[in-house]
Amino acid sequence: MSRSRPAAPGSWLRRCVSGAALAGVALGLLSGPAAAVTAGPLTSSGPVTSSGPVTAADPTDVDPTDPVDPVVPPEPTSPPATGPVSAYPVPAAVEDYSPYLGQVSCDPTPKPGTVALSEVVLAHYGQGRSSGIARACEQGGRSEHKEGRAWDWALDVNNPAHKAAADEFVAWLMADGPDGKPGWNARRLGVMYVIWNRQTWSSYKADQGLLAYTGSSPHTDHVHVSLSWAGAMQRTSFWTGRVAATDYGPCVAVEGQLAPPYTAPNLERCPAPVRLRFWDVPQHHSFFTEIEWLADQKITEGRADGSFGVTDTITRAEMAAFLYRHARPSWYPASTEQRFTDVPLDHPFATEIGWLAEQGISRGVGDGSAFDPRGTVTRHQMAAFLHRALGAQDDYVTATPTVVFADVPPTSNWYEDVVWLAASGITTGSGDGTVFQGEDPVTRGQMAAFLYRASIG
């Protein structure tokens, strides 16, 4: 398959000069004086050679049937593109093509091979400047800059010297090696892919040559170079004289989570990461079991983005939905009358909130005319909701004040609810267990834990 390569700097000028010179030679052969003659007597008809007088050519004397060999100048060839010189001789073999190894960790510290590449390229070509290696992990999308193994070489495509240097660098990376395969120098450096002037070359698509690049940036103001892990850690043959094995780098253990930072070469392909139900609830999370149970019971499906929203505060509407699904009423009609002024019949949780009111679990807020579906649920309110929803069931014993919290005195409006919650083993309080902190908001993770403990016992 043919490969497109950018022209070497100055190659267009050499082609023009070579073409002009060859054209001049051709014109001289056709109409100019003979370049060399054999000495002999001069006659009125012109110089005489050993084979007779030479007369001016007359186009009309040419027999059109005679075969004529046209004077065709040879195809001009550009000298091979040049690039940085390794301190080691050209090896008999070099690295394999790097597979695509995209960013998986947050470790933007510039890696030694990336730094070394930027320095030798700038020194060799003497054009442009470095516009950075590291990038903050919260900035933009996935990028090897966030692992310190990508470099941006700032150049302007409208500057002829800049463009010539960038074109030559890319051509040098892509050039065939002694083995006849493309990307010889890219393999020696561990270049995974390069982007410049709306085109890209990738080691994992080496035989396809330069391909159109359609990303958000045309890369006309910089050359982007991403390195493999072996290249980024300066372990490839360009830097050591020894062929480096493919280094697959750190592995993602759980889908949707970052891998740990790079610490040592990894010569084995990474196994498929564990797929979690919710990407923000890893297996080591303190509420992992409770949230998994909540999902298994079909009490929640999580957020639209695949998260559970474990640290989000739970709203009164969400709380109504959790309790309704936990109770699983065998049949409950959709609301036909608006119970609360702020919960219209087309509200996504109108049925659940209507059920909550009918069961006496919630009396609304203020004078009872509103429900405040977006309001945050406090620990006091959660104790009351659970007590009303579950405390009257046959398998719940009447609570006795065996646990007393310093901030919930018997005179508190929430005293019976909180005492029942503690006696049922649903809460052990907050902090060192001597206080309840009833006005703190309840998170979705905590709500899952409360329901789990209330149901499992």
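The values are calculated or read from the model by the stated rules, or taken from the named source; none is laboratory data. Everything numeric here is computed off the predicted structure, so don't read it as measured data. Positions of Cβ are backbone-derived with ideal geometry, glycine not excepted, and every protein chain shown enters the neighbour counts. Ligands, DNA and RNA are excluded from the accessible area calculation, which covers all protein heavy atoms including side chains. Shrake-Rupley method; radii C 1.70, N 1.55, O 1.52, S 1.80 Å.
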Give, in whole angstrom and from largest to smallest, the semi-axes √(5λ) of the equivalent ellipsoid of segment 145-300, with λ running over the eigenvalues of the Cα gyration tensor. 39, 20, 13
Computed ³J(HN,Hα) along segment 173-182: with the Karplus parameters 6.51/-1.76/1.60, θ = phi - 60°, integer Hz and x for glycine or proline, the list is 4, 7, 4, 5, x, x, 7, x, 9, x
From the phi angles alone, apply the Karplus equation (6.51, -1.76, 1.60; θ = phi - 60°) to segment 204-214 and give each ³J(HN,Hα) in whole Hz, x where the residue is Gly or Pro. 7, 9, 4, 6, 8, x, 6, 10, 5, 10, 10
Once both label points are put 7 Å beyond Cα along the C-beta direction, the ALA370-ALA87 separation in nm becomes 7.3 nm
For segment 376-385, just list the computed ³J(HN,Hα) in residue order, Karplus coefficients 6.51, -1.76 and 1.60, θ = phi - 60°, integers in Hz, with x standing in for Gly and Pro. 7, 8, 8, 5, 4, 5, 4, 4, 5, 4
Restricting to lysines and to Cα separations under 21 Å from LYS146, and discarding same-chain partners fewer than 8 apart, the set is LYS111
When the charge dipole of segment 191-311 is computed with +1 at the Cβ of Lys and Arg and -1 at the Cβ of Asp and Glu, the Cα pointing farthest to the positive end, of GLY302, GLY209, TYR193, is that of GLY209
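Take the solvent-accessible surface of the protein heavy atoms, probe 1.4 Å, and return the percent of it on segment 280-386 that carbon and sulfur atoms account for.
Working: 2500 of 5360 Å².
The computed percentage sits at 47.
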Quick one: how many Å² of SER217 are accessible to a 1.4 Å probe, rounded to 10? 40 Å²
Additional length obtainable on full extension of the chain from ARG363 to VAL404, 0.36 nm per residue less Cα span: 12.1 nm
Return, for the Cα atoms of segment 404-456, the radius of gyration and Dmax in Å, separated by a comma. 10.9, 31
Compute the distance in nm between two label points, each set 7 Å from the Cα along the Cα-to-Cβ direction, one at LEU345 and one at ASP96. 6.7 nm
For the pair ARG269/GLU301, report the inter-label distance in nm, with labels modelled 7 Å from Cα in the Cβ direction. 3.4 nm
May I ask you to compute the full-extension gain from ASP440 to THR109, defined as 0.36 nm times their residue separation minus their alpha-carbon distance, rounded to one decimal in nm? 115.2 nm
Does segment 117-207 come out rounded, prolate or oblate by the C-alpha gyration tensor, with a ≥ b ≥ c the root eigenvalues, rounded set by a/c under 1.5 and, if not, prolate when a/b is larger than b/c and oblate if not? oblate
